Amino acid sequence: MRPELLSPAGSPEALRSAVECGADAVYLGWGSFNARQSAKNFSDEEFAQALTYCHERGVKVYLTLNTLVTDRELDAALQCAKTASALGVDAVLVQDLGLFDLMRSVLPDLPLHASTQMSLFTSGGACEVAADGCERVVIARECSREDTARIIKRCPAEIEVFVHGALCMCYSGQCAMSALIGGRSGNRGRCAQPCRLPYTLAELPAMGGTRQADPPPLRGKPGKNDYPLSLKDNCLAGELADMARMGVACLKLEGRMKRPEYVAVVTGVYARLLREQRGPTAAEFSALEAAFSRSGFTDGYWQGMTGPALFGVRLADAPEPTELFAEVKANLDKGGMRTVPVTMEASFQMDAPCSLTVRDGDGHEVTVSGPVPETARNRAVTAEELESRLKKTGGTAYRCEAVTVTADEGISLPAAAVNALRRDGLAALSALRTAPPKRRVLPSPPLPEILEASGGPALTCSIARADQLTTELLHCGPARVCLPLELFETLNALPEFGGEYCAALPRVWRDRDETRLLALLDRAKALGVSAALVGNLGHLPLLQEKGLSLYGDFGLNVFNGRALGYLAGKGLKSVALSFELRGAQIRDLPKILPTEAIVYGRLPLMIAENCLIRNGNGCSCENPHTLVDRTGAAFPLLSVWGHRTEVENCKPLYLGDRDDWKQLGLHYARLRFTTESPAECARIFRAYQTGETAPAEFTRGLFDRGVE
């Protein structure tokens, strides 16, 4: 079965370009809750018109409600979904777990797609949301061909793959760099793209790091790169036949911020390749590259590769494809490139109203009637003339491929009446094709009872290295100590203390890693670990049979009480809230589960598939490195599971000299240790217990200012 071609529509003009050039479906933003707030997007009137225009031409429309929403915004976001559903939108893309849970309860007939912002890249994660009602899962751009084939084989939902356009450096849904640097959250549709800026890689003195094993194949030689976070655009135009064979349901083109001519070029090429079942010619590839590229294209992730060859920039003096875009625009201005084939049957009898039946290829059929023909006084109208007039469908969404006319001899009927009959027939067909389906709207389920925290939150901590787990730290009395699961490959014992040990599963992994992860979980449990951190929905299937207490981590992006309710249904006993929430928002969030917030530490800005250290300096990941920006700010790099990189903030969050974080209704408050020495970990923990003055270098994070 041929995959669906899904094109971006950042504006009404781009939508028309996509439809005219062969898109099977478009995705667009309407309202305040989509991940491209800087795109032109659609007004209320334009959104309704877009649905009519697309459905008339057999093109589906998907609404992007793929941002995190606060409790105060949930009702407005749900109303947006209700209105879109009533107007006939074909599906809604969603990121926020609370909004997802609410929509599947209130709008049970509305198809839901899991956005790539949900950070799904394993079959377990895809199956988890499929079981909860998602009809389609947009998997991470970083998934290889092997990863994708395995997910398709195991997941009952449709799988959507990004095949062309910009690649984010960070896994979608996990990037906080724009939020923490400038207050513009990528999870709220406001990303300022700091990954496209220059940085310098710097190596620091060794501090006992752990080298990550089993790196993926490297494409390109390590070396200096002034833009180590700027990936080339993705181009998988040569892989479409393979994707069709493996069962990819939808091929997604990125570009809601791009101009209509770009959308036309890229959609046109991919539509032609799918239609003709072939790869791109040199001319077609050149057209794609001219429309937009960054030092060319890459297919590295699809091929299971990482490395310097995947990176590139858009040069400031890159030539505009003036001639290409002018040609495309001229064709678009003519219109009529995308029409629906119809057949007609007409009857013109002497003593009966004339009638016209119009059929399309999708099973729709309408019949309309007109005036009664009269006896011709002079010249009679012929069947051939009637057929010719009925075929004149120019300026509509239709093209007439065949007309059958039955007409009595000697009749007369004005040309205007025949034209009106044709218009009425096509209008009736359009009404049928654009009629929204009947869908239920159910009451919003009430929130479960709110759990009030008694007293201030208990302090927990997480560590990044085994040497940070000291007797001195444990004597401080943390309620919970979280360790990366991979540390249990070398740990032989855990010191006893009055709290509990919790294993933090890797934030990013693949199906092929799960046998190893399960073995590590067994080892951790044997050493005294009694709980696990769940930072991704794909962790849940791994932990079902392990008998561990499950605590949600920040990677779940919990922004509202409804998300807590959803995760409570998954068996979680507490959840760490998003660190993009302001203190006041944390205070007001309905806490139907015990909640946790990070109150100290370098907050994670990115988690990247590429090892930035390996790309720049070769394999020296056991030594600490930083990325230094134009202002001199240094962002530490942590090497994490799978030879990936986690970029940490340049300054640690510090709230230890304040009391307001203790009055937010939290059950737990976490100190997140990453680059700290063992002695610093214990000293900082004690500082939070005594309210010690803030250090010289620190940030309040987003606790006061929040994000756009």
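The values are calculated or read from the model by the stated rules, or taken from the named source; none is laboratory data. Keep in mind it's a predicted model, so treat the numbers as computed, not measured. Cβ atoms come from the backbone with ideal geometry, glycine included; neighbour counts cover every protein chain shown. The area values use the complete protein model at the heavy-atom level, side chains included, leaving out ligands, DNA and RNA. Shrake-Rupley method; radii C 1.70, N 1.55, O 1.52, S 1.80 Å.
Details
- Qualifying residue in the stretch 584-594 (condition: closer than 22 Å to Leu485 by Cβ, in contact (Cβ under 8 Å) with a residue 24 or more places away in the chain and in contact with a strand residue (DSSP E or B) (Cβ under 9 Å, 6 or more places away or on another chain)): no
- Single residue of Glu320, Glu289 found to be among the acidic types (Asp, Glu) and at pLDDT 95 or above: Glu289
- Condition met for Ala326 (out of contact with any helix residue (DSSP H, G or I) (no Cβ under 8 Å at 6 or more places or on another chain), without any contact (Cβ under 8 Å) to a residue 60 or more places away in the chain, over 22 Å from Cys143 (Cα atoms) and not aromatic (Phe, Trp, Tyr)): yes
Conditions (1) farther than 24 Å from Leu702 by Cβ; (2) surrounded by fewer than 17 Cβ atoms within 10 Å (Cβ to Cβ); (3) acidic (Asp, Glu), marked per residue:
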| site | (1), (2), (3) |
| --- | --- |
| Leu485 | yes, no, no |
| Phe488 | yes, no, no |
| Ala493 | yes, yes, no |
| Cys502 | yes, no, no |
| Arg507 | no, no, no |
| Leu517 | yes, no, no |
| Asp522 | yes, yes, yes |
| Leu556 | no, no, no |
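- Of all residues in the stretch 200-246, those being touching a Cys at 6+ places or on another chain (Cβ under 9 Å), modelled with pLDDT under 85 and over 12 Å from Asn610 (Cβ atoms) number 4.
- Any pair with Cβ under 7 angstrom, 6 or more apart, that starts in the stretch 506-528 at a residue that is without any contact (Cβ under 8 Å) to a residue 40 or more places away in the chain and farther than 19 Å from Ile463 by Cα and ends at one that is part of a helix (DSSP H, G or I) and among the small types (Gly, Ala, Ser): none
- Comparison of Gly189, Gly183 shows that the only residue that is at positive phi and either touching an Asp or Glu at 6+ places or on another chain (Cβ under 7 Å) or among the basic types (Lys, Arg) (or both) is Gly183.
- Restricting the stretch 445-460 to residues that are surrounded by 13 or more Cβ atoms within 10 Å (Cβ to Cβ) and of a type outside the set (A, V, I, L, M, F, W, C) leaves a set whose member that is farthest from the chain's Cα centre (by Cα) is Gly456.
- Residue match in the stretch 485-499 (condition: in contact (Cβ under 8 Å) with a residue 12 or more places away in the chain, of a type in the set (A, V, I, L, M) and within 30 Å of Gln663 (Cβ to Cβ)): no
- Index of the failed condition, Leu627 passing every other in (1) within 29 Å of Glu692 (Cα to Cα); (2) in contact with a Phe, Trp or Tyr (Cβ under 6 Å, 6 or more places away or on another chain); (3) crowded, with 20+ Cβ neighbours inside 10 Å: (1)
- All conditions but one from (1) open to solvent by 70 Å² or more (accessible area, probe 1.4 Å); (2) polar (S, T, N, Q); (3) modelled with pLDDT under 95 apply to Asn331; the one that does not is (1).
- Spans of helices (runs of 4 or more DSSP H) in the stretch 53-163 with at least 2 residues in contact with a Phe, Trp or Tyr (Cβ under 9 Å, 6 or more places away or on another chain) and open to solvent by less than 10 Å² (accessible area, probe 1.4 Å): 71-87, 97-106, 145-154
- So Gly370, is it farther than 26 Å from Pro111 by Cβ, open to solvent by less than 30 Å² (accessible area, probe 1.4 Å) and over 49 Å from the mean Cα position of the chain (by Cα): yes
- Pairs with Cβ under 9 Å, 6+ apart, first in the stretch 415-436 and more than 26 Å from Ala48 (Cβ to Cβ) and in a helix (DSSP H, G or I), second open to solvent by less than 30 Å² (accessible area, probe 1.4 Å) and of a type in the set (Val, Ile, Thr): Ala415/Val381; Val418/Val381; Leu421/Val368
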